1. Among B:Leu336, B:Leu65, B:Leu48, which one shows the highest mean-square fluctuation when chain B is modelled as a Gaussian network with alpha-carbon springs under 10 Å?
2. Would you grab the residues whose amide H sits under 5 Å from the one on A:Gly246? Only those 5+ places off in sequence or on another chain, please, with H modelled 1.01 Å from N.
3. Let me spell out the model: positive unit charges on the Cβ of Lys and Arg, negative unit charges on the Cβ of Asp and Glu, origin at the Cα centre of region B:277-368. What dipole size does that give, in debye rounded to 20?
4. Taking Cα centroids, how far is region B:78-122 from region A:304-325 in Å?
5. Using all alpha carbons of chain A, what is the percent of pairwise distances in each 10 Å bin, ordered from the shortest bin to the longest?
6. Along the axis that rotates chain B into chain A, which residue of chain B has the nearest beta-carbon, and what is the gap in whole Å?
7. State to the nearest 20 debye the size of the charge dipole of chain B about its Cα centre, where the only charges are +1 on K and R beta carbons and -1 on D and E beta carbons.
8. Evaluate peptide A:318-327: per residue, the Cβ atoms of other protein chains within 10 Å of its Cβ; return the mean as an integer.
Protein chains: 2
Amino acid sequence: MTISFEIEACDGEARVGRVRTARGTFATPAFMPVGTVGTVKAMTPEALARCGAEIILANTYHLMLRPGAERIACLGGVGKMMAWPGPVLTDSGGFQILSLSKLRKLSEKGVTFQSHIDGTQHVLTPERSVQIQRDLHSTITMALDECTSFPASKDVAAKSMELSMRWASRSKAAFSPKSGFGIFGIVQGGMHQELRSESVGSLVESDFDGYAIGGLAVGEGSELMYEIMGYTAKKLPIDKPRYLMGVGRPADLVEAVTSGCDMFDCVLPTRSGRTGQAFVRNAVVNIRNHRHKDDPRPLDASCRCPTCLGYSRAYLHHLVQTKEILGAILITWHNLHYYQELMKEMRAAIRSGELTQFSSNFLVDEMKGDIEPL
Amino acid sequence: MTISFEIEACDGEARVGRVRTARGTFATPAFMPVGTVGTVKAMTPEALARCGAEIILANTYHLMLRPGAERIACLGGVGKMMAWPGPVLTDSGGFQILSLSKLRKLSEKGVTFQSHIDGTQHVLTPERSVQIQRDLHSTITMALDECTSFPASKDVAAKSMELSMRWASRSKAAFSPKSGFGIFGIVQGGMHQELRSESVGSLVESDFDGYAIGGLAVGEGSELMYEIMGYTAKKLPIDKPRYLMGVGRPADLVEAVTSGCDMFDCVLPTRSGRTGQAFVRNAVVNIRNHRHKDDPRPLDASCRCPTCLGYSRAYLHHLVQTKEILGAILITWHNLHYYQELMKEMRAAIRSGELTQFSSNFLVDEMKGDIEPL
């Protein structure tokens, strides 16, 4: 057996589940903090666990370049290296090659690219990506795909999707099954329902351990994203986890969970933590704003994270203004806590059959705006 | 009563003591991590306490400029603002004015200077410095002094010391005694024993709650520093804490404790933590060095800090190479733990009358160098 997925409760399309892996279990819907180069920026693994995170994501592209897959293998894998005891999902490297590297050349075989760090040339094939993720001791491996750019005509999107599907089969074939480890395929097809449907059909033939929805949040806007996401999620097998890649804002997560998605990752809570943006239920607070400079209140009086329990907005403002590392630590901690609490609340709402109510309350709350200045 | 100092054990000139303050007690010899702008860089207060720190230092100069003394007063003082529950010693601001600010003008009255941040003009008199430290809710206030530059002729050093002594009396007069809060005077006099002796005599007349030795570690070299430090410490009242300011390297602390100094502060462990320099008993490890890139061993196999318990040199090397915040967090944590353990070991050695043995073992160990590469 690879990894197992057990659904514990449903509410409409949404479900609460539990994924069991060789490195422990995690509840779904799950938000995976992003540990780009083998660290969730500004967080210790202990702090991550205290936020409620049970699984994290690491980026194959970054890790293959620094410190290198073979080096990580010698250190016992990415989880052991970074002292994170839980499961780690790694992406395939494809997305970052497209967004970060120079002089990319795509062929049937794979992608040739130059490192954005030192210009060295690398080749990533589906087989090589799976091999690297094996070296990383990834708990959940992602198949190599091409993230179709937006906008893309049906013809272009079809060709791109078909290549991704051939790469998906090759990825699955290259993956050595191991108890408690799994591999997910990635649905592509741009904004075209027919192609998305075709992509799902093709992936299901390979019988992956879970299915990701890729190629969204690429500039198409919320409405179209929700439409394609909802359509695709419904087509996917009910008994496997569904992972919406790279999404997103809190409201996106609420919509995606309602549509039946189970797993998420996004740099938003961590990146925002380093630029002074804090998520609270009623707003996104820009702590750099001068209105906070004398405010003795916490970011969110109802939040139980260490940042809100211990520190004022005035102090956070000061830390961010003086570029102190502690500012990044505390706001990242709050943001990840906020995301994990949101997932927890949604799991509870699904169990009690109240997700629709939760979702509409959430959207109303989000419109309220931050507390009034003192 | 202001603050109290109780000596629990002696070994030669060295002593183990306990200082009681309004914000809790601390054992001496004590090392105070430096919380420059109201945060010990890269550390949470919780992590600081876990290192064994019982008192921290904050810089009046930095805090008066950002976020400002009145603002901190409104937030309940620097300790409350930064969620550090223990005592906080603040310096007088004099040292940083000399090292950081522009267009300084010294007069009998005080110092006029321009902020290094925005060029605004400020005046710091002994009275204003004490007032600011009161606004900061400083547990231990330092009298304003002029740190005599090095080298200084006896005439120059005498004039500078005499000014500092007049400022010390004015500082003491401006200080409002409050139960559990105290004020320390600072001995100056350059490298001239006679002046140091005179300075001690002058300060003792004002009956401070503790005495600091200032104007050392300014480029005079270890030998001269140890001589002046040892000479001055012996002249100071036996029943008050002695604080050696801005020192220093681990070997300096061993020598200073042996000479009868009780309190220390230095940016070395924290600053080094942000540049990849780690203190271990046998060496200072430069983790950037390529020799560590595949080394699965911890910084120090005998160390019980979270960094050494959880992480390899290879991973720390990777974090520092990729400029990840976690690298600064983990190495700073290790360094502060190292410093606090050193103080703890010295307190134990004094109690068992073995400080001389400890000191000679320490110096031998320091010469051994880092573990061999694998």
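1. Answer for the Gaussian network model of chain B: B:Leu65.
2. Long-range HN contacts for A:Gly246: A:Asp265.
3. In total the dipole reaches around 120 debye.
4. 22 Å
5. Going out from 0 Å in 10 Å bins, chain A shows 5, 24, 33, 26, 11, 2, 0 percent.
6. Value returned for chain B: B:Ile325, 3.
7. Using Cβ point charges on Lys, Arg, Asp and Glu, chain B gives about 1040 debye.
8. The mean count of partner-chain Cβ atoms within 10 Å per residue comes to 6.
The numbers here are math on the coordinates, done by the rules we state, and not lab data. Nothing here was measured: the structure is a model prediction, and the numbers come from that model. Cβ coordinates were reconstructed from backbone atoms using ideal geometry, including for glycine residues, and neighbour counts include every protein chain displayed.
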